[in-house]
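Participant: Below is a structure I'd like to ask you about.
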Amino acid sequence: MAVCSAYTTQSLNSTCSISTPAKTHLGFHQKQVVFYRRSSKRGGSGSSSGPCVITCSAGDSQTVVIGLAADSGCGKSTFMRRLTSVFGGAAEPPKGGNPDSNTLISDMTTVICLDDYHSLDRTGRKEKGVTALDPRANDFDLMYEQVKAIKSGVAVDKPIYNHVTGLLDPPELIKPPKILVIEGLHPMFDERVRDLLDFSIYLDISNEVKFAWKIQRDMAERGHSLESIKASIEARKPDFDAYIDPQKKYADAVIEVLPTQLIPDDNEGKVLRVRLIMKEGVKHFSPVYLFDEGSTISWIPCGRKLTCSYPGIKFHYGPDTYFGNEVSILEMDGQFDRLDELIYVESHLSNISTKFYGEVTQQMLKHADFPGSNNGTGLFQTIVGLKIRDLYEQITSSKTAAPLEATKA
Amino acid sequence: MATLRFNSLTGTLEKNPTSSFSSNPRLSWAYFQCNNKGERRASRMTVKAMGAAKYKGTQMREKKLTEMIEKKVSEAKQVCEGDETSDECKVAWDEVEEVSQAKADLRLRLEIEKKDPLESFCQENPETEECKIYED
(Lines give C-alpha, C1' and ligand atoms only; values in the text may rest on other atoms or scores of the structure.)
Protein backbone atom coordinates (compact mmCIF):
# COMPACT_ATOMS: atom_id res chain seq x y z
CA MET A 1 0.00 0.00 0.00
CA ALA A 2 1.43 3.34 -1.02
CA VAL A 3 1.31 6.16 1.46
CA CYS A 4 0.46 9.55 0.12
CA SER A 5 1.67 12.42 2.20
CA ALA A 6 -0.64 15.37 2.07
CA TYR A 7 1.22 18.41 3.21
CA THR A 8 -0.81 21.06 4.92
CA THR A 9 0.06 23.64 2.36
CA GLN A 10 -2.17 26.53 1.48
CA SER A 11 -2.96 25.12 -1.92
CA LEU A 12 -4.82 22.24 -0.34
CA ASN A 13 -7.04 24.40 1.78
CA SER A 14 -9.37 25.69 -0.83
CA THR A 15 -8.86 24.08 -4.20
CA CYS A 16 -6.82 21.14 -5.28
CA SER A 17 -4.54 21.56 -8.25
CA ILE A 18 -5.49 19.05 -10.82
CA SER A 19 -2.68 17.56 -12.82
CA THR A 20 -3.29 15.49 -15.89
CA PRO A 21 -1.53 12.16 -16.18
CA ALA A 22 1.39 11.43 -18.51
CA LYS A 23 2.82 14.75 -19.57
CA THR A 24 5.21 12.66 -21.57
CA HIS A 25 6.81 15.49 -23.49
CA LEU A 26 7.97 16.97 -20.23
CA GLY A 27 9.21 13.61 -19.01
CA PHE A 28 7.18 13.02 -15.89
CA HIS A 29 6.62 9.75 -14.14
CA GLN A 30 3.56 9.91 -11.95
CA LYS A 31 1.72 7.71 -9.60
CA GLN A 32 -1.63 9.20 -8.91
CA VAL A 33 -4.40 8.73 -6.45
CA VAL A 34 -7.69 10.41 -6.91
CA PHE A 35 -9.40 11.71 -3.82
CA TYR A 36 -12.94 12.81 -3.88
CA ARG A 37 -13.52 15.61 -1.45
CA ARG A 38 -16.87 16.63 -0.24
CA SER A 39 -17.50 20.04 1.10
CA SER A 40 -17.48 19.96 4.88
CA LYS A 41 -20.16 22.59 5.12
CA ARG A 42 -23.69 21.38 5.42
CA GLY A 43 -26.19 22.91 3.12
CA GLY A 44 -23.87 22.58 0.20
CA SER A 45 -22.98 26.24 0.07
CA GLY A 46 -19.28 25.55 0.12
CA SER A 47 -17.38 25.25 -3.09
CA SER A 48 -17.54 21.79 -4.50
CA SER A 49 -14.11 21.31 -5.86
CA GLY A 50 -14.86 17.99 -7.51
CA PRO A 51 -12.27 15.26 -7.78
CA CYS A 52 -8.76 16.22 -6.71
CA VAL A 53 -5.73 14.42 -8.02
CA ILE A 54 -2.90 14.37 -5.59
CA THR A 55 0.46 13.25 -6.88
CA CYS A 56 2.13 10.70 -4.66
CA SER A 57 5.47 9.08 -4.57
CA ALA A 58 6.14 5.79 -2.91
CA GLY A 59 8.95 7.14 -0.80
CA ASP A 60 9.77 10.06 1.38
CA SER A 61 9.30 13.07 -0.83
CA GLN A 62 10.93 15.84 1.13
CA THR A 63 13.44 17.05 -1.40
CA VAL A 64 15.22 20.19 -0.29
CA VAL A 65 16.32 22.33 -3.23
CA ILE A 66 19.46 24.46 -3.16
CA GLY A 67 20.44 26.89 -5.92
CA LEU A 68 24.04 27.81 -6.69
CA ALA A 69 24.88 30.53 -9.18
CA ALA A 70 28.42 30.25 -10.53
CA ASP A 71 30.17 31.10 -13.79
CA SER A 72 32.51 28.16 -13.70
CA GLY A 73 31.05 25.16 -15.40
CA CYS A 74 28.81 22.75 -13.60
CA GLY A 75 28.68 20.04 -11.08
CA LYS A 76 32.39 19.47 -10.96
CA SER A 77 33.39 22.50 -9.01
CA THR A 78 35.08 22.12 -5.69
CA PHE A 79 32.15 23.82 -3.94
CA MET A 80 29.90 20.95 -4.96
CA ARG A 81 32.44 18.41 -3.83
CA ARG A 82 32.78 20.05 -0.44
CA LEU A 83 29.02 20.27 -0.09
CA THR A 84 28.36 16.64 -0.93
CA SER A 85 31.24 15.61 1.31
CA VAL A 86 29.60 17.28 4.32
CA PHE A 87 26.72 14.88 3.88
CA GLY A 88 29.06 11.97 3.51
CA GLY A 89 29.98 9.96 0.47
CA ALA A 90 31.53 11.01 -2.79
CA ALA A 91 29.50 12.49 -5.61
CA GLU A 92 29.84 10.64 -8.90
CA PRO A 93 28.26 10.81 -12.32
CA PRO A 94 25.31 8.49 -12.87
CA LYS A 95 26.70 5.01 -13.37
CA GLY A 96 26.47 3.46 -16.80
CA GLY A 97 24.75 6.43 -18.39
CA ASN A 98 25.96 9.06 -20.82
CA PRO A 99 29.64 9.57 -20.03
CA ASP A 100 29.28 13.26 -20.81
CA SER A 101 26.55 13.76 -18.24
CA ASN A 102 27.00 16.81 -16.04
CA THR A 103 25.04 15.33 -13.16
CA LEU A 104 26.65 14.26 -9.89
CA ILE A 105 24.95 11.85 -7.52
CA SER A 106 25.84 10.86 -3.96
CA ASP A 107 23.82 9.15 -1.23
CA MET A 108 21.98 12.25 -0.12
CA THR A 109 22.49 14.76 -2.89
CA THR A 110 22.03 15.10 -6.63
CA VAL A 111 23.68 18.01 -8.39
CA ILE A 112 22.12 19.12 -11.65
CA CYS A 113 23.84 21.39 -14.12
CA LEU A 114 21.51 24.05 -15.45
CA ASP A 115 23.29 24.01 -18.82
CA ASP A 116 21.15 20.92 -19.39
CA TYR A 117 18.23 23.30 -19.86
CA HIS A 118 19.77 25.07 -22.82
CA SER A 119 17.07 25.45 -25.44
CA LEU A 120 19.70 26.16 -28.07
CA ASP A 121 22.75 24.03 -28.65
CA ARG A 122 26.07 25.53 -29.70
CA THR A 123 25.09 25.75 -33.36
CA GLY A 124 21.69 27.19 -32.49
CA ARG A 125 23.25 29.87 -30.32
CA LYS A 126 25.67 30.79 -33.07
CA GLU A 127 22.80 31.12 -35.55
CA LYS A 128 20.74 33.29 -33.25
CA GLY A 129 23.73 35.30 -32.06
CA VAL A 130 23.16 34.62 -28.35
CA THR A 131 25.64 33.51 -25.72
CA ALA A 132 24.91 30.81 -23.14
CA LEU A 133 24.49 33.62 -20.62
CA ASP A 134 21.47 34.94 -22.48
CA PRO A 135 18.08 33.82 -21.11
CA ARG A 136 16.95 33.23 -24.69
CA ALA A 137 19.31 30.25 -24.82
CA ASN A 138 17.59 28.55 -21.88
CA ASP A 139 14.24 26.83 -21.38
CA PHE A 140 13.03 28.20 -18.06
CA ASP A 141 9.61 26.59 -18.42
CA LEU A 142 11.17 23.14 -18.50
CA MET A 143 13.57 24.03 -15.71
CA TYR A 144 10.67 25.11 -13.53
CA GLU A 145 8.47 22.11 -14.34
CA GLN A 146 11.21 19.59 -13.69
CA VAL A 147 12.58 21.15 -10.49
CA LYS A 148 9.02 21.39 -9.22
CA ALA A 149 8.41 17.76 -10.06
CA ILE A 150 11.59 16.55 -8.38
CA LYS A 151 10.80 18.65 -5.35
CA SER A 152 7.43 16.97 -5.03
CA GLY A 153 8.92 13.51 -5.32
CA VAL A 154 8.42 12.74 -9.01
CA ALA A 155 11.30 11.47 -11.16
CA VAL A 156 11.98 13.27 -14.45
CA ASP A 157 13.78 12.66 -17.72
CA LYS A 158 16.15 15.57 -17.86
CA PRO A 159 17.97 16.57 -21.08
CA ILE A 160 21.76 16.47 -21.19
CA TYR A 161 23.81 19.27 -22.70
CA ASN A 162 27.08 17.82 -23.92
CA HIS A 163 29.88 20.35 -23.43
CA VAL A 164 32.27 18.42 -25.65
CA THR A 165 30.05 18.15 -28.72
CA GLY A 166 27.93 21.20 -27.97
CA LEU A 167 24.77 19.17 -28.65
CA LEU A 168 21.73 18.25 -26.61
CA ASP A 169 21.92 14.52 -25.87
CA PRO A 170 19.04 12.15 -25.01
CA PRO A 171 17.69 12.64 -21.50
CA GLU A 172 18.72 10.85 -18.32
CA LEU A 173 16.44 9.83 -15.49
CA ILE A 174 16.73 11.90 -12.34
CA LYS A 175 15.15 10.37 -9.27
CA PRO A 176 14.23 12.70 -6.42
CA PRO A 177 17.08 12.85 -3.93
CA LYS A 178 16.98 14.11 -0.38
CA ILE A 179 18.82 17.24 -1.49
CA LEU A 180 18.74 18.61 -5.00
CA VAL A 181 21.34 21.19 -5.95
CA ILE A 182 20.83 23.14 -9.14
CA GLU A 183 24.05 24.75 -10.23
CA GLY A 184 24.70 27.03 -13.15
CA LEU A 185 24.32 30.47 -14.58
CA HIS A 186 20.61 31.07 -13.95
CA PRO A 187 19.27 29.30 -10.85
CA MET A 188 17.67 32.50 -9.55
CA PHE A 189 16.79 34.15 -12.83
CA ASP A 190 13.25 32.85 -13.21
CA GLU A 191 10.92 33.86 -10.38
CA ARG A 192 9.06 30.54 -10.35
CA VAL A 193 12.31 28.60 -9.95
CA ARG A 194 13.47 31.04 -7.29
CA ASP A 195 10.37 30.30 -5.24
CA LEU A 196 11.21 26.59 -5.28
CA LEU A 197 14.61 27.14 -3.72
CA ASP A 198 14.98 26.45 -0.01
CA PHE A 199 18.36 28.15 -0.02
CA SER A 200 20.37 29.99 -2.64
CA ILE A 201 24.02 30.90 -2.98
CA TYR A 202 25.79 33.22 -5.40
CA LEU A 203 29.51 32.92 -6.03
CA ASP A 204 30.68 36.43 -6.85
CA ILE A 205 34.22 36.51 -8.25
CA SER A 206 35.67 39.97 -8.77
CA ASN A 207 37.08 40.86 -12.18
CA GLU A 208 40.71 40.90 -11.04
CA VAL A 209 40.46 37.48 -9.40
CA LYS A 210 38.53 36.07 -12.38
CA PHE A 211 41.27 37.25 -14.69
CA ALA A 212 44.01 35.74 -12.50
CA TRP A 213 42.18 32.42 -12.25
CA LYS A 214 41.50 32.21 -15.96
CA ILE A 215 45.14 32.87 -16.65
CA GLN A 216 46.04 29.94 -14.42
CA ARG A 217 43.40 27.85 -16.10
CA ASP A 218 44.15 28.67 -19.74
CA MET A 219 47.72 29.83 -20.18
CA ALA A 220 48.96 26.28 -20.75
CA GLU A 221 46.55 25.74 -23.63
CA ARG A 222 47.78 26.03 -27.19
CA GLY A 223 45.98 28.91 -28.79
CA HIS A 224 45.48 30.93 -25.64
CA SER A 225 47.43 33.99 -24.68
CA LEU A 226 46.97 36.81 -22.21
CA GLU A 227 45.19 38.75 -24.93
CA SER A 228 42.75 35.98 -25.81
CA ILE A 229 41.93 35.34 -22.16
CA LYS A 230 41.31 39.05 -21.62
CA ALA A 231 39.25 39.33 -24.80
CA SER A 232 37.07 36.39 -23.80
CA ILE A 233 36.29 37.90 -20.40
CA GLU A 234 35.57 41.34 -21.88
CA ALA A 235 33.32 39.98 -24.63
CA ARG A 236 31.18 38.06 -22.14
CA LYS A 237 31.01 40.86 -19.64
CA PRO A 238 27.97 42.74 -21.05
CA ASP A 239 25.78 39.61 -21.00
CA PHE A 240 27.18 38.60 -17.62
CA ASP A 241 26.38 42.00 -16.13
CA ALA A 242 22.93 42.06 -17.68
CA TYR A 243 21.71 38.56 -16.91
CA ILE A 244 23.85 36.83 -14.29
CA ASP A 245 25.07 39.49 -11.88
CA PRO A 246 21.57 40.82 -10.98
CA GLN A 247 20.77 37.45 -9.40
CA LYS A 248 22.96 38.19 -6.42
CA LYS A 249 20.37 40.33 -4.74
CA TYR A 250 18.12 37.29 -4.45
CA ALA A 251 20.73 35.02 -2.88
CA ASP A 252 20.51 34.00 0.77
CA ALA A 253 24.28 33.82 0.89
CA VAL A 254 26.85 35.45 -1.37
CA ILE A 255 30.48 34.38 -1.36
CA GLU A 256 32.42 37.31 -2.70
CA VAL A 257 36.04 36.72 -3.75
CA LEU A 258 38.30 39.74 -4.02
CA PRO A 259 42.02 40.43 -4.22
CA THR A 260 43.75 40.62 -0.87
CA GLN A 261 44.25 43.91 0.92
CA LEU A 262 47.18 42.50 2.88
CA ILE A 263 49.66 42.68 0.02
CA PRO A 264 49.80 46.00 -1.82
CA ASP A 265 49.39 45.71 -5.61
CA ASP A 266 49.02 41.95 -5.54
CA ASN A 267 47.69 40.75 -8.87
CA GLU A 268 48.43 37.05 -8.73
CA GLY A 269 45.11 36.14 -7.22
CA LYS A 270 46.94 33.85 -4.87
CA VAL A 271 46.07 35.43 -1.52
CA LEU A 272 42.38 36.21 -1.38
CA ARG A 273 39.94 38.30 0.56
CA VAL A 274 36.68 36.40 0.83
CA ARG A 275 33.41 37.78 2.18
CA LEU A 276 30.48 35.66 3.25
CA ILE A 277 27.40 37.87 2.95
CA MET A 278 24.48 36.27 4.78
CA LYS A 279 20.92 37.49 4.54
CA GLU A 280 19.12 38.02 7.84
CA GLY A 281 15.70 36.56 8.46
CA VAL A 282 16.03 33.54 6.20
CA LYS A 283 14.03 30.59 7.48
CA HIS A 284 16.16 27.80 8.99
CA PHE A 285 19.36 29.81 8.47
CA SER A 286 21.19 31.59 11.27
CA PRO A 287 24.22 33.58 10.06
CA VAL A 288 27.71 32.72 11.27
CA TYR A 289 29.22 35.33 13.59
CA LEU A 290 32.36 36.28 15.44
CA PHE A 291 32.29 36.80 19.20
CA ASP A 292 29.20 39.00 19.51
CA GLU A 293 26.28 38.70 17.12
CA GLY A 294 25.21 41.94 15.52
CA SER A 295 28.25 43.90 16.59
CA THR A 296 31.20 44.92 14.41
CA ILE A 297 34.46 43.06 14.97
CA SER A 298 37.92 43.34 13.48
CA TRP A 299 40.07 40.39 14.40
CA ILE A 300 43.66 39.42 13.70
CA PRO A 301 44.14 35.98 15.24
CA CYS A 302 47.91 36.05 14.82
CA GLY A 303 49.72 37.29 17.90
CA ARG A 304 50.92 35.81 21.12
CA LYS A 305 48.91 32.60 21.09
CA LEU A 306 49.15 31.95 17.37
CA THR A 307 52.04 32.72 15.08
CA CYS A 308 51.27 33.07 11.38
CA SER A 309 53.56 33.52 8.44
CA TYR A 310 53.30 36.34 5.92
CA PRO A 311 50.86 37.80 4.98
CA GLY A 312 48.87 36.55 7.96
CA ILE A 313 45.13 36.39 8.49
CA LYS A 314 42.60 39.13 9.13
CA PHE A 315 38.93 38.75 9.94
CA HIS A 316 36.07 41.19 9.91
CA TYR A 317 32.47 40.73 10.96
CA GLY A 318 29.54 43.08 11.08
CA PRO A 319 26.00 43.96 10.03
CA ASP A 320 25.37 45.74 6.75
CA THR A 321 22.84 46.19 4.01
CA TYR A 322 23.16 44.55 0.61
CA PHE A 323 20.80 45.57 -2.20
CA GLY A 324 18.29 46.72 0.35
CA ASN A 325 18.47 43.59 2.49
CA GLU A 326 19.75 43.33 6.06
CA VAL A 327 22.84 41.14 6.04
CA SER A 328 25.71 40.03 8.23
CA ILE A 329 29.11 39.87 6.64
CA LEU A 330 31.96 37.63 7.76
CA GLU A 331 35.20 38.32 5.97
CA MET A 332 38.57 36.59 5.86
CA ASP A 333 41.67 37.98 4.21
CA GLY A 334 44.85 35.93 4.00
CA GLN A 335 45.62 32.27 4.16
CA PHE A 336 46.10 29.35 6.51
CA ASP A 337 49.53 27.78 6.62
CA ARG A 338 49.08 25.33 9.42
CA LEU A 339 46.45 23.13 10.90
CA ASP A 340 46.51 24.90 14.24
CA GLU A 341 45.67 28.23 12.60
CA LEU A 342 42.57 26.66 11.13
CA ILE A 343 41.40 25.08 14.34
CA TYR A 344 42.12 28.27 16.28
CA VAL A 345 39.92 30.24 13.89
CA GLU A 346 37.18 27.62 13.96
CA SER A 347 37.07 27.69 17.75
CA HIS A 348 36.27 31.40 17.70
CA LEU A 349 33.44 31.29 15.15
CA SER A 350 29.84 30.88 16.30
CA ASN A 351 26.74 29.47 14.65
CA ILE A 352 28.76 27.30 12.31
CA SER A 353 26.37 24.36 12.77
CA THR A 354 29.06 21.78 13.39
CA LYS A 355 28.16 18.53 15.08
CA PHE A 356 31.43 18.35 16.95
CA TYR A 357 34.37 20.59 17.75
CA GLY A 358 36.81 20.68 14.86
CA GLU A 359 34.38 19.52 12.18
CA VAL A 360 35.19 22.44 9.87
CA THR A 361 38.90 21.72 10.20
CA GLN A 362 38.32 18.04 9.59
CA GLN A 363 36.34 18.75 6.42
CA MET A 364 39.00 21.15 5.17
CA LEU A 365 41.73 18.59 5.83
CA LYS A 366 39.77 15.85 4.11
CA HIS A 367 40.06 17.87 0.94
CA ALA A 368 43.39 19.56 1.45
CA ASP A 369 44.19 18.98 -2.21
CA PHE A 370 41.17 20.96 -3.39
CA PRO A 371 41.78 24.50 -4.56
CA GLY A 372 41.02 27.08 -1.90
CA SER A 373 41.78 24.80 1.00
CA ASN A 374 44.07 27.31 2.58
CA ASN A 375 41.91 30.40 2.39
CA GLY A 376 38.45 31.86 2.83
CA THR A 377 36.98 30.21 -0.27
CA GLY A 378 37.45 26.71 1.16
CA LEU A 379 36.55 27.83 4.67
CA PHE A 380 33.30 29.56 3.72
CA GLN A 381 32.28 26.89 1.22
CA THR A 382 32.70 24.29 3.98
CA ILE A 383 30.74 26.42 6.47
CA VAL A 384 27.95 26.99 3.95
CA GLY A 385 27.87 23.24 3.43
CA LEU A 386 27.34 22.75 7.17
CA LYS A 387 24.64 25.44 7.26
CA ILE A 388 22.85 23.65 4.41
CA ARG A 389 23.02 20.39 6.35
CA ASP A 390 21.52 22.21 9.32
CA LEU A 391 18.82 23.73 7.14
CA TYR A 392 18.02 20.33 5.67
CA GLU A 393 17.67 18.77 9.10
CA GLN A 394 15.43 21.57 10.30
CA ILE A 395 13.19 21.34 7.25
CA THR A 396 12.84 17.57 7.38
CA SER A 397 12.16 17.46 11.10
CA SER A 398 9.49 20.15 10.81
CA LYS A 399 7.76 18.30 7.97
CA THR A 400 7.56 14.96 9.76
CA ALA A 401 6.14 16.73 12.78
CA ALA A 402 3.18 18.08 10.79
CA PRO A 403 0.24 15.77 11.27
CA LEU A 404 -1.22 14.13 8.21
CA GLU A 405 -4.73 15.30 7.74
CA ALA A 406 -6.94 12.74 6.14
CA THR A 407 -9.96 14.02 4.33
CA LYS A 408 -12.90 14.23 6.63
CA ALA A 409 -15.84 12.19 5.61
CA MET B 1 79.08 33.12 -23.54
CA ALA B 2 75.37 32.85 -22.91
CA THR B 3 73.99 33.18 -19.42
CA LEU B 4 70.79 31.52 -18.54
CA ARG B 5 68.43 33.02 -16.02
CA PHE B 6 65.47 31.05 -14.81
CA ASN B 7 62.51 32.76 -13.18
CA SER B 8 59.41 30.89 -12.25
CA LEU B 9 56.12 32.48 -11.34
CA THR B 10 55.89 32.16 -7.59
CA GLY B 11 53.13 30.14 -6.14
CA THR B 12 52.22 28.21 -9.23
CA LEU B 13 54.34 25.27 -8.23
CA GLU B 14 52.54 24.63 -5.00
CA LYS B 15 50.28 21.73 -4.45
CA ASN B 16 47.29 23.82 -3.54
CA PRO B 17 46.46 26.48 -6.04
CA THR B 18 44.19 29.01 -4.47
CA SER B 19 41.60 29.33 -7.14
CA SER B 20 38.59 27.13 -7.02
CA PHE B 21 38.40 27.02 -10.70
CA SER B 22 41.95 26.64 -11.88
CA SER B 23 43.16 23.18 -11.97
CA ASN B 24 46.77 22.78 -12.78
CA PRO B 25 49.19 22.73 -9.89
CA ARG B 26 51.93 21.35 -12.04
CA LEU B 27 51.99 24.31 -14.37
CA SER B 28 55.13 26.34 -14.41
CA TRP B 29 56.34 29.16 -16.54
CA ALA B 30 59.97 29.72 -17.27
CA TYR B 31 61.48 32.73 -18.88
CA PHE B 32 64.81 32.13 -20.50
CA GLN B 33 66.90 35.09 -21.44
CA CYS B 34 70.05 34.44 -23.33
CA ASN B 35 72.70 37.11 -23.36
CA ASN B 36 74.74 36.26 -26.35
CA LYS B 37 76.77 38.93 -28.10
CA GLY B 38 74.37 41.52 -26.76
CA GLU B 39 71.38 39.80 -28.28
CA ARG B 40 68.48 38.97 -26.03
CA ARG B 41 66.01 36.34 -26.80
CA ALA B 42 63.20 35.50 -24.50
CA SER B 43 61.33 32.31 -24.90
CA ARG B 44 58.61 30.85 -22.80
CA MET B 45 58.27 27.27 -21.82
CA THR B 46 55.14 25.85 -20.37
CA VAL B 47 54.90 22.48 -18.82
CA LYS B 48 51.55 20.82 -18.50
CA ALA B 49 50.87 17.62 -16.69
CA MET B 50 47.50 15.95 -16.57
CA GLY B 51 46.44 13.03 -14.52
CA ALA B 52 46.68 9.76 -16.39
CA ALA B 53 43.84 9.06 -18.80
CA LYS B 54 43.26 5.35 -19.15
CA TYR B 55 40.59 4.91 -21.80
CA LYS B 56 40.76 5.87 -25.44
CA GLY B 57 37.54 7.81 -25.09
CA THR B 58 39.00 10.14 -22.50
CA GLN B 59 42.15 10.64 -24.50
CA MET B 60 40.01 11.45 -27.54
CA ARG B 61 38.01 14.00 -25.58
CA GLU B 62 41.16 15.67 -24.28
CA LYS B 63 42.56 15.89 -27.76
CA LYS B 64 39.31 17.18 -29.23
CA LEU B 65 38.95 19.87 -26.60
CA THR B 66 42.55 20.98 -27.05
CA GLU B 67 42.04 21.31 -30.79
CA MET B 68 38.74 23.11 -30.33
CA ILE B 69 40.26 25.68 -28.02
CA GLU B 70 42.90 26.54 -30.55
CA LYS B 71 40.46 26.61 -33.41
CA LYS B 72 37.84 28.68 -31.63
CA VAL B 73 40.34 31.24 -30.38
CA SER B 74 41.51 31.91 -33.91
CA GLU B 75 37.91 31.99 -35.15
CA ALA B 76 37.01 34.52 -32.47
CA LYS B 77 39.96 36.73 -33.37
CA GLN B 78 38.85 36.69 -37.01
CA VAL B 79 35.20 37.40 -36.29
CA CYS B 80 35.97 40.22 -33.91
CA GLU B 81 38.31 42.01 -36.29
CA GLY B 82 35.36 43.71 -37.92
CA ASP B 83 33.29 44.72 -34.91
CA GLU B 84 34.26 43.92 -31.36
CA THR B 85 30.81 44.69 -30.03
CA SER B 86 28.90 42.56 -32.51
CA ASP B 87 26.82 39.57 -31.43
CA GLU B 88 28.99 37.26 -33.51
CA CYS B 89 32.07 38.39 -31.64
CA LYS B 90 30.40 37.84 -28.26
CA VAL B 91 29.23 34.36 -29.22
CA ALA B 92 32.66 33.42 -30.59
CA TRP B 93 34.41 34.28 -27.31
CA ASP B 94 31.64 32.57 -25.35
CA GLU B 95 32.40 29.38 -27.28
CA VAL B 96 36.08 29.77 -26.39
CA GLU B 97 35.09 30.06 -22.73
CA GLU B 98 32.84 27.01 -22.96
CA VAL B 99 35.49 24.71 -24.38
CA SER B 100 38.23 26.11 -22.15
CA GLN B 101 36.11 25.36 -19.12
CA ALA B 102 35.21 21.90 -20.42
CA LYS B 103 38.89 21.09 -20.82
CA ALA B 104 39.67 22.43 -17.36
CA ASP B 105 36.82 20.39 -15.88
CA LEU B 106 38.18 17.23 -17.48
CA ARG B 107 41.64 18.01 -16.19
CA LEU B 108 40.33 18.70 -12.70
CA ARG B 109 38.35 15.49 -12.67
CA LEU B 110 41.35 13.44 -13.68
CA GLU B 111 43.44 15.02 -10.98
CA ILE B 112 41.03 15.14 -8.10
CA GLU B 113 39.20 11.91 -8.64
CA LYS B 114 42.38 10.21 -9.87
CA LYS B 115 40.35 7.93 -12.02
CA ASP B 116 39.13 8.04 -15.57
CA PRO B 117 35.69 9.65 -15.98
CA LEU B 118 34.74 6.80 -18.32
CA GLU B 119 35.46 4.23 -15.60
CA SER B 120 31.88 3.34 -14.72
CA PHE B 121 30.68 3.62 -18.33
CA CYS B 122 33.43 1.25 -19.46
CA GLN B 123 32.66 -1.29 -16.75
CA GLU B 124 29.28 -1.72 -18.42
CA ASN B 125 30.43 -1.31 -22.03
CA PRO B 126 33.95 -2.68 -22.32
CA GLU B 127 33.74 -3.50 -26.04
CA THR B 128 33.09 0.00 -27.32
CA GLU B 129 35.75 1.94 -29.19
CA GLU B 130 35.86 4.49 -26.41
CA CYS B 131 36.72 1.90 -23.84
CA LYS B 132 39.84 0.54 -25.42
CA ILE B 133 42.73 1.05 -23.08
CA TYR B 134 44.79 3.98 -24.28
CA GLU B 135 48.45 3.26 -24.73
CA ASP B 136 50.86 6.04 -25.48
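The values are calculated or read from the model by the stated rules, or taken from the named source; none is laboratory data. This is a predicted model, so every value here is computed, not measured. We place every Cβ from the backbone using ideal geometry, glycine too, and count neighbours over all the protein chains shown.
Participant: For A:GLN216, are the conditions met, namely being over 19 Å from the mean Cα position of the chain (by Cα) and crowded, with 22+ Cβ neighbours inside 10 Å?
Facilitator: Against the criterion (over 19 Å from the mean Cα position of the chain (by Cα) and crowded, with 22+ Cβ neighbours inside 10 Å), A:GLN216 qualifies.
Participant: I'm trying to understand the selection: among the residues of the stretch B:54-67, which are crowded, with 21+ Cβ neighbours inside 10 Å and not polar (S, T, N, Q)?
Facilitator: The answer is B:TYR55, B:GLY57, B:ARG61, B:LEU65.
Participant: Criterion first (part of a loop (DSSP other than H, G, I, E, B), touching a helix residue (DSSP H, G or I) at 6+ places or on another chain (Cβ under 8 Å) and closer than 28 Å to A:ILE66 by Cβ) does A:THR354 satisfy it?
Facilitator: It is true that A:THR354 is part of a loop (DSSP other than H, G, I, E, B), touching a helix residue (DSSP H, G or I) at 6+ places or on another chain (Cβ under 8 Å) and closer than 28 Å to A:ILE66 by Cβ.
Participant: Which of the helices (runs of 4 or more DSSP H) found entirely inside the stretch B:49-136 contain at least 3 residues meeting this: facing chain A (nearest Cβ under 7 Å) and either on the phi > 0 side of the Ramachandran plot or under 13 Å from the mean Cα position of the chain (by Cα) (or both)? Break it down into steps so the answer makes sense when it comes.
Facilitator: Values: elements: B:56-82, B:87-112, B:119-124.
Because the criterion is at least 3 residues that are facing chain A (nearest Cβ under 7 Å) and either on the phi > 0 side of the Ramachandran plot or under 13 Å from the mean Cα position of the chain (by Cα) (or both), the helices (runs of 4 or more DSSP H) in the stretch B:49-136 that meet it are B:56-82, B:87-112.
Participant: Could you tell me whether B:CYS34 is farther than 30 Å from A:GLY378 by Cα, among the hydrophobic types (A, V, I, L, M, F, W, C) and modelled with pLDDT under 80?
Facilitator: yes
Participant: Give the residue that is nearest to the other protein chains (Cβ to nearest Cβ), with candidates limited to residues of the stretch A:112-166 that are free of Cβ contacts under 8 Å to residues at least 24 places away in the same chain and in a loop (DSSP other than H, G, I, E, B). If you could, list the steps in order and put the result at the bottom.
Facilitator: Keep residues of the stretch A:112-166 that are free of Cβ contacts under 8 Å to residues at least 24 places away in the same chain, which gives A:119-120, A:124-130, A:136-137, A:139, A:141.
Checking which are in a loop (DSSP other than H, G, I, E, B) leaves us with A:119-120, A:129-130, A:139.
Working: A:SER119: 15, A:LEU120: 11, A:GLY129: 3, A:VAL130: 7, A:ASP139: 18 Å.
Restricting to residues being free of Cβ contacts under 8 Å to residues at least 24 places away in the same chain and in a loop (DSSP other than H, G, I, E, B), the top hit is A:GLY129.
Participant: Another question, if that's okay. With the requirement that a residue be small (Gly, Ala, Ser) and either more than 11 Å from chain B (Cβ to nearest Cβ) or under 22 Å from A:GLN146 (Cβ atoms) (or both), what does the stretch A:72-111 give you?
Facilitator: Selection gives A:GLY73, A:GLY75, A:SER77, A:SER85, A:GLY88, A:GLY89, A:ALA91, A:GLY96, A:GLY97, A:SER101, A:SER106.
Participant: From A:VAL282, A:VAL345, grab the single residue that is more than 14 Å from chain B (Cβ to nearest Cβ), within 25 Å of A:THR78 (Cβ to Cβ) and in a loop (DSSP other than H, G, I, E, B).
Facilitator: So the residue among A:VAL282, A:VAL345 that is more than 14 Å from chain B (Cβ to nearest Cβ), within 25 Å of A:THR78 (Cβ to Cβ) and in a loop (DSSP other than H, G, I, E, B) is A:VAL282.
Participant: Would you confirm whether or not the stretch A:329-339 contains a residue that is in contact (Cβ under 8 Å) with a residue 12 or more places away in the chain, closer than 14 Å to A:LEU276 by Cα, of a type in the set (Val, Ile, Thr) and outside any loop (DSSP other than H, G, I, E, B)?
Facilitator: yes
Participant: Please go through (1) in the same structural domain as A:ASN375 (by the TED database); (2) surrounded by fewer than 20 Cβ atoms within 10 Å (Cβ to Cβ); (3) over 21 Å from A:GLY372 (Cβ atoms) for A:PHE285 and return the number of the only condition it doesn't satisfy.
Facilitator: The one condition A:PHE285 does not meet is (2).
Participant: Something else: Give me the residue from the stretch B:85-100 that is free of Cβ contacts under 8 Å to residues at least 24 places away in the same chain and among the β-branched types (Val, Ile, Thr) and, out of that set, farthest from A:CYS74 (Cα to Cα).
Facilitator: Filtering first and then ranking leaves B:THR85.
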